[in-house]
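Trainee: Quick one: structure below, then a few questions.
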Amino acid sequence: MAVQNGKPASGRKRQPSLAQLRAFAAVAEHLHFRDAAAAIGMSQPALSGAVSALEETLGVTLVERTTRKVLLSPAGERIAVRAKAVLDEVGALMEDAEAVRAPFTGALRLGVIPTVAPYLLPTVLRLVHEKYPHLDLQVHEEQTSSLVEGLAAGRLDLLLLAVPLGVPGVTELPLFDEDFVLVTPLDHWLGGREGIPREALRELNLLLLDEGHCLRDQALDICREAGRGDDVGVTTTAAGLSTLVQLVAGGLGCTLLPRTALRVETARSTQLLTGGFAEPAPSRRVALAMRTGAARGTEYEELAVALRAALKPLPVRVLTAD
């Protein structure tokens with residue numbers, strides 16, 4: 001290759017190898033060549049040579065060697081942070097590749113909405129523990145908009161939430177439909193009734209979750225379908241279903257709960273009654289959602305099949321794969 005002014009004519013720069021970065025990261029961590037070499041299973045001369053080669057490649061001094069100890073130069077301090085980040089990313093890449101080679105192994109980052117997590121996670125976690133013991137399930141509870149952003153950015157792998165999302169590039173794997181139930185104070189005229197017409201929602205003092213929760217939007221849609229205008233007039237809201245139900249128990253109004261939440265949330269108070277709507281009752285659909293064309297798409301589809309079977313004991317209408 002032609003050389004100009006001591007550099008390759010092409011202008012291409014040499015790049016450090018992973019072995020060099022690994023050697024330097026070990027030295028930066030232990031500040032001792034012998035300990036660093038032992039930590040990564042490399043001979044001390046080989047480790048010292050790798051660090052020297054990295055310095056030559058980068059054109060900076062990374063390590064100040066003295067007879068008593070090893071110090072990082074200012075450049076070394078900065079490069080050490082970068083080297084660790086690169087090695088962490090390479091490790092994550094290897095984990096992902098391993099997961100593809102061996103289904104249901106490695107990390108799976110599952111995003112779940114707050115109005116699903118407390119009621120379905122026991123079933124999901126039990127299924128994963130029993131059927132997929134080598135899967136490292138990592139759960140993130142967030143609102144729908146944050147989950148969808150995380151899925152698109154690659155921060156999350158799979159979502160468990162209410163659908164439809166109507167988001168391009170996202171494939172939904174429906175799991176079940178569940179009805180909404182009216183929760184009222186003890187003295188409410190609709191408390192304990194069955195066959196409640198949707199039109200009854202027109203005049204109720206309805207308590208809802210804060211803005212940003214998809215369950216709030218679903219409840220408002222149900223009210224509009226019942227003939228209630230866009231100005232629902234909600235004056236009291238809550239950040240979670242538990243608080244919402246306690247507000248109902250205190251006589252501040254009524255609310256709508258999905259059936260999967262009913263047993264957990266109403267068990268905390270003796271001051272509540274529930275009522276069922278006339279058919280067809282207002283309902284929501286819950287599904288898994290993944291990036292369209294995801295590398296682990298076949299795994300997620302298999303997980304959806306297993307989840308449908310596991311969810312059958314719950315008060316829901318489990319859907320087929322179609």
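Trainee: Show me the chymotrypsin sites (Phe, Trp or Tyr not before Pro) within the range 131-229 that DSSP assigns to loop and that have at most 15 other Cβ atoms within 10 Å of their Cβ.
Mentor: Sparse-neighbourhood loop chymotrypsin sites (Phe, Trp or Tyr not before Pro): 189.
Trainee: Considering amide H positions built from the backbone, and no H for Pro or chain starts, which residues 5 or more places from residue 319, or on another chain, come under 5 Å of its amide H?
Mentor: For residue 319, the qualifying residues are 176, 177.
Trainee: Given a 1.4 angstrom probe, I'd like the percentage of the accessible area of the chain that is carbon and sulfur, rounded to a whole number.
Mentor: Details: 8940 of 17210 Å².
Heavy-atom surface of the chain belonging to carbon and sulfur, 1.4 Å probe: 52 percent.
Trainee: Using a Gaussian network for the chain with springs between C-alpha atoms less than 10 Å apart, which of these wobbles most: 135, 108, 47?
Mentor: Answer for the Gaussian network model of the chain: 47.
Trainee: Another question, then. Treating the Cα atoms of the chain as identical point scatterers in vacuum, please give the log10 of the normalised Debye intensity I(q)/I(0) at q = 0.08 Å⁻¹, two decimals.
Mentor: Once normalised to I(0) and log-transformed, intensities are -0.57.
Trainee: Something else: Please calculate how many Å² of accessible area the range 238-306 carries per residue, with a 1.4 Å probe and no DNA, RNA or ligand atoms counted.
Mentor: 42 Å²
Trainee: Is it possible to state the helix-based mean residue ellipticity at 222 nm for the chain, with each DSSP H run of 4+ residues giving -39500 (n - 2.57), the sum divided by total residues, to the nearest 500 deg cm²/dmol? What is it?
Mentor: -13000 deg cm²/dmol
Trainee: Which whole-percent values make up P(r) of the range 232-322 when all C-alpha to C-alpha distances are grouped in 10 Å steps starting at zero?
Mentor: 12, 34, 29, 19, 6, 0
Trainee: Can you list the lysines whose alpha carbon is less than 29 Å from that of residue 13, not counting same-chain residues fewer than 8 positions off?
Mentor: 84
Trainee: Can you bin every Cα-Cα distance in the range 70-181 into 5 Å intervals starting at zero and give me the percent of pairs per bin, rounded to whole numbers?
Mentor: 2, 10, 15, 18, 17, 14, 8, 6, 5, 3, 2, 1, 0, 0
Trainee: If you take the beta carbon distance between residue 295 and residue 81 as r and set R0 to 30 Å, what does 1/(1 + (r/R0)^6) give as a FRET efficiency, to the nearest 0.05?
Mentor: According to the calculation, E is roughly 0.50.
Trainee: How large is ³J(HN,Hα) for each residue in the range 195-210, as worked out from phi by the Karplus curve 6.51 cos²θ - 1.76 cosθ + 1.60 (θ = phi - 60°), to whole Hz, x for Gly and Pro?
Mentor: x, 5, x, 4, 4, 5, 5, 4, 10, 7, 7, 9, 9, 10, 6, 4
Trainee: Among 270, 66, 255, which one moves the most in a GNM of the chain with springs linking Cα atoms closer than 10 Å?
Mentor: Of 270, 66, 255, the Gaussian network model singles out 66 as fluctuating most.
Trainee: Taking amide hydrogens as modeled 1.01 Å from N in the peptide plane, which residues meet the under 5 Å criterion relative to residue 109, leaving out close sequence neighbours?
Mentor: Close amide H contacts, sequence-distant or interchain: 138, 157, 158.
Trainee: Among all helices in the chain defined by DSSP H, which have a length of 15 Å or more along the axis from Cα atoms plus a Kyte-Doolittle mean of at least -1.0?
Mentor: Details: long enough: 18-30 (18 Å, 0.68); 44-58 (21 Å, 0.41); 74-101 (41 Å, 0.09); 117-131 (20 Å, 0.34); 214-225 (17 Å, -0.34); 297-310 (20 Å, 0.11).
Helix filter hits for the chain: 18-30, 44-58, 74-101, 117-131, 214-225, 297-310.
The values are calculated or read from the model by the stated rules, or taken from the named source; none is laboratory data. Just so it is clear, the model here is predicted, and its values are computed rather than measured. All Cβ positions, glycine included, derive from the backbone under ideal geometry; neighbour counts span all protein chains shown. Accessible surface areas use protein heavy atoms only, side chains included; no ligands, DNA or RNA. Shrake-Rupley method; radii C 1.70, N 1.55, O 1.52, S 1.80 Å.
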